[in-house]
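Only one structure is covered here, and it is reproduced in the block below.
The values are calculated or read from the model by the stated rules, or taken from the named source; none is laboratory data. Only a predicted model underlies this, so the values are computations on that prediction, with no experimental measurement involved. Glycine also receives a Cβ, built like all others from the backbone with ideal geometry; neighbour counts cover every protein chain displayed.
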Amino acid sequence: MELRNRHIVVTGGTSGVGLELVRLLVAENRVTVVGRTSPRSARLREEFLSVGFITADLLEAGAARAVVAALAEDEVVDGLINCAAIQCTPHFNDPDFDPASIPREIATNLTAPCELTAALLPRLLAAPEAFILNVNSALALVPKPDSAVYCATKAALNAFSLSLRAQLQGTSVRILQAFLPLVDTPMTAGRGTGKLPADRVARDILAGIERAVEDNDIGKVALLRKLHRFLPGIARKIVARG
Ligand SMILES: NC(=O)c1ccc[n+]([C@@H]2O[C@H](COP(=O)([O-])OP(=O)(O)OC[C@H]3O[C@@H](n4cnc5c(N)ncnc54)[C@H](OP(=O)(O)O)[C@@H]3O)[C@@H](O)[C@H]2O)c1
């Protein structure tokens, strides 16, 4: 599907990979970002005057309904990119572990993409060809000891995407995923080495959408997926080191 003259709805467009996706898409498409009121969203709206912005906090129940309500009644959507996510890293037995982070992480990383999918599906089905791209992680395939809930949400997002793909087979809506390695964004500030730049990752994600790659393994994820199939213990050790 050529990404030109499309209407694409993007979550997480204020930062990191999502911001780079907006930067690339906006030249030839209509982009609507779903996000919170914040200095980052104010900067986004200043930088990209043509980008539409729907104010919604994905932690709040009803965010998906608010997104639909903000669209015009007959507005078609050609693509939904679920990119927003949070990652909390303390171990469960750390003194500063806050159990309140559990529902926040699940709501942002899993519930919100599922609810936005349900809410926007009629609009996507109204387009001649459309896609939903769920931004996923290598950690969905090989979990690491840190970020237990994050890994669980990404594994669940993978299961959701695979089921939904089967449900929508034969319709005009393709369900795609991009599996990211470590990327240099605010989410990973101060962590890890050998990170990919967010602009390169965004380019690879969009190239995958254009080629309708169902599960787009970015960078070293393709190798990790293979290694995990044959030598799962080694794959887990590599991820735990990263
Ligand atoms: N960075 C990596 O190494 C890496 C690796 C694998 C996968 N990924 C995935 O790539 C995607 C993008 O990550 P990133 O690294 O670019 O993260 P990031 O720079 O931290 O950006 C996260 C985005 O999510 C938005 N967001 C968070 N909570 C929200 C909420 N309650 N309501 C609305 N928006 C909310 C943030 O908006 P605000 O500006 O309002 O905070 C921001 O736009 C995520 O799905 C992540 O899991 C990242």
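The set of residues in the range 75-119 that are over 22 Å from Glu20 (Cβ atoms), assigned to a helix (DSSP H, G or I) and in contact with a strand residue (DSSP E or B) (Cβ under 7 Å, 6 or more places away or on another chain) contains only Thr117. Each residue in the range 20-46 was checked for being touching a residue at least 40 places away in the same chain (Cβ under 8 Å), out of contact with any Asp or Glu (no Cβ under 9 Å at 6 or more places or on another chain) and assigned to a helix (DSSP H, G or I), and 2 pass. Does Ile175 meet the test of being out of contact with any Pro (no Cβ under 9 Å at 6 or more places or on another chain), more than 14 Å from the ligand (Cβ to nearest atom) and at pLDDT 95 or above? Answer is yes for this residue.
For Glu60, the stated conditions do not hold, so it cannot be described as in a loop (DSSP other than H, G, I, E, B) and closer than 23 Å to Ala127 by Cβ. With the structure loaded, tell me whether Leu139 is in contact with a Cys (Cβ under 8 Å, 6 or more places away or on another chain) and buried (at least 18 other Cβ atoms within 10 Å of the Cβ) or whether it fails that test. Considered against the rule, which asks whether it is in contact with a Cys (Cβ under 8 Å, 6 or more places away or on another chain) and buried (at least 18 other Cβ atoms within 10 Å of the Cβ), Leu139 comes out as yes.
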